[in-house]
Amino acid sequence: MSKLGTLGARLHRGEVGYDFVKNRKIWYGLSILITITAIVGLAVRGLNMGIEFQGGAVFNTPKNTSASVSQAERYAEEASGHDAIVQKLGDGSLRIQVAGIDTGAADKIKDKLSDDLKIDSEQINAELVGPSWGDQIASKAWQGLGIFLVLVVIYLAIAFEWRMALAAFVALIHDITITVGIYALVGFEVTPGTVIGLLTILGYSLYDTVVVFDSLKEQTKDITKQTRWTYSDVANRSINSTLVRSVNTTVVALLPVAGLLFIGGGVLGAGMLNDISLSLFVGLAAGAYSSIFIATPLVADLKEREPQLKALRKRVLAKRAQSGTQGETEPHDADESYDDEPEDAAPAVVGPRNQPASRTRGRGRPSGKRR
């Protein structure tokens, strides 16, 4: 078995682990700091909305146009008086976008580009995009997002409980805010592809969260019938037992997206790939982070406000103090029943397991021959 597989098995059995829940205030503070940075970037810089949302014109030149991207960008800005975005396509043609212009200005810009690029104006294809189309896309996207969040909360409240639904909702808002804030800080253009990417990451974020919640639900059955573990202990075990699985699925999903973003968009210059790849890359990473560091610790905080679990925590801590047990306690395995344990069982301490008890030859008798 590989080292990663061995680590995953040891995490699942509870032989090793990290106390994510205990250090939840650190993760909350880090998430708040990142979220505030994203909101400030969004408020100060704003989003670089694409031509689909602002309206404007798109000019496509013939194949194998000799002008470079920088030259075409300068010509377009001089002709229109607006910022222009120029992309070189695989066949050598240029795609020139100029936002915020009307039909009359588009005709003049087309003629000016024809003179500067030394191309017949009939060979330049001009397409006008109205802002109303972008408004419809944005409106439909917001409606879809709202319906999705409502259905997610209802489903989780039925399948699990309302506290888990609330924690998942907070994690989703956290992921969306960070992703949108990164777009504002980086200055990438927001296109319909970006909207598709934002809606896609919600499913990935929710998947990791539900996996941990399902494990937590199974391991907390009849938790109040014992005095060895608090709800936070079991929540921490649930995170650790699914940690390698979450990391593996996230890395596998991030690799092709990273290829699109850094190789396709960065090295090869296919700028249109950046529209969807950046939102997917940031959203997938934020989703994995929130499911581990935000959603489950938040559930533990909410659950331990219940009278029964609050009383359980007091009993567990009192018993640990009485027995003088030090260190992190080890929650039970998923298939282990609370009913099988005595009420006064001492908490298990992390360390080597299944150590054989010391034996003596003939209980209470000194070693030697029997007489």
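The values are calculated or read from the model by the stated rules, or taken from the named source; none is laboratory data. Since the model is a prediction, treat every value here as computed from it, not as a measurement. All Cβ positions, glycine included, derive from the backbone under ideal geometry; neighbour counts span all protein chains shown. Accessible surface is based on the protein model in full, side chains and every heavy atom, while ligands, DNA and RNA are left aside. Shrake-Rupley method; radii C 1.70, N 1.55, O 1.52, S 1.80 Å.
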When the residues of the stretch 177-204 are narrowed to those that are over 28 Å from D83 (Cα atoms) and under 10 Å from the mean Cα position of the chain (by Cα), which ends up most open to solvent (accessible area, probe 1.4 Å)? Y204
Tally, over the stretch 131-176, of residues that are within 13 Å of the chain's Cα centre (by Cα) and more than 15 Å from D214 (Cα to Cα): 8
Please state which of the following conditions T325 fails to meet, knowing it meets all the rest: (1) of a type in the set (S, T, Y); (2) in contact with a strand residue (DSSP E or B) (Cβ under 7 Å, 6 or more places away or on another chain); (3) at pLDDT 50 or above. (3)
What's the number of the only condition in (1) modelled with pLDDT of 90 or more; (2) crowded, with 20+ Cβ neighbours inside 10 Å; (3) out of contact with any His (no Cβ under 7 Å at 6 or more places or on another chain) that S277 fails to meet? (1)
Tell me which of these E127 doesn't satisfy, since it passes every other one: (1) surrounded by 16 or more Cβ atoms within 10 Å (Cβ to Cβ); (2) touching a residue at least 60 places away in the same chain (Cβ under 8 Å). (1)
Residue check, A288 among the small types (G, A, S), touching a helix residue (DSSP H, G or I) at 6+ places or on another chain (Cβ under 7 Å) and more than 28 Å from A159 (Cβ to Cβ): no
Residue match in the stretch 146-154 (condition: more than 26 Å from G41 (Cβ to Cβ), in a helix (DSSP H, G or I) and open to solvent by less than 10 Å² (accessible area, probe 1.4 Å)): no
Looking only at the stretch 1-45, filter to residues that are of a type in the set (G, A, S) and at pLDDT 85 or above; which one of those is farthest from T191 (Cα to Cα)? G29
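So which residues in the stretch 237-246 are open to solvent by less than 10 Å² (accessible area, probe 1.4 Å) and over 18 Å from the mean Cα position of the chain (by Cα), if there are any at all? Don't jump to the end; show me each part of the working.
Residues of the stretch 237-246 open to solvent by less than 10 Å² (accessible area, probe 1.4 Å): 238-240, 246.
If the condition is that a residue be open to solvent by less than 10 Å² (accessible area, probe 1.4 Å) and over 18 Å from the mean Cα position of the chain (by Cα), then S238 is the only one that fits.
Residues to consider are A300, A285; find the one that is among the small types (G, A, S), open to solvent by 10 Å² or more (accessible area, probe 1.4 Å), modelled with pLDDT of 85 or more and in a helix (DSSP H, G or I).
A285
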Please state which of the following conditions Y207 fails to meet, knowing it meets all the rest: (1) over 30 Å from V44 (Cα atoms); (2) at pLDDT 85 or above; (3) surrounded by fewer than 21 Cβ atoms within 10 Å (Cβ to Cβ). (2)
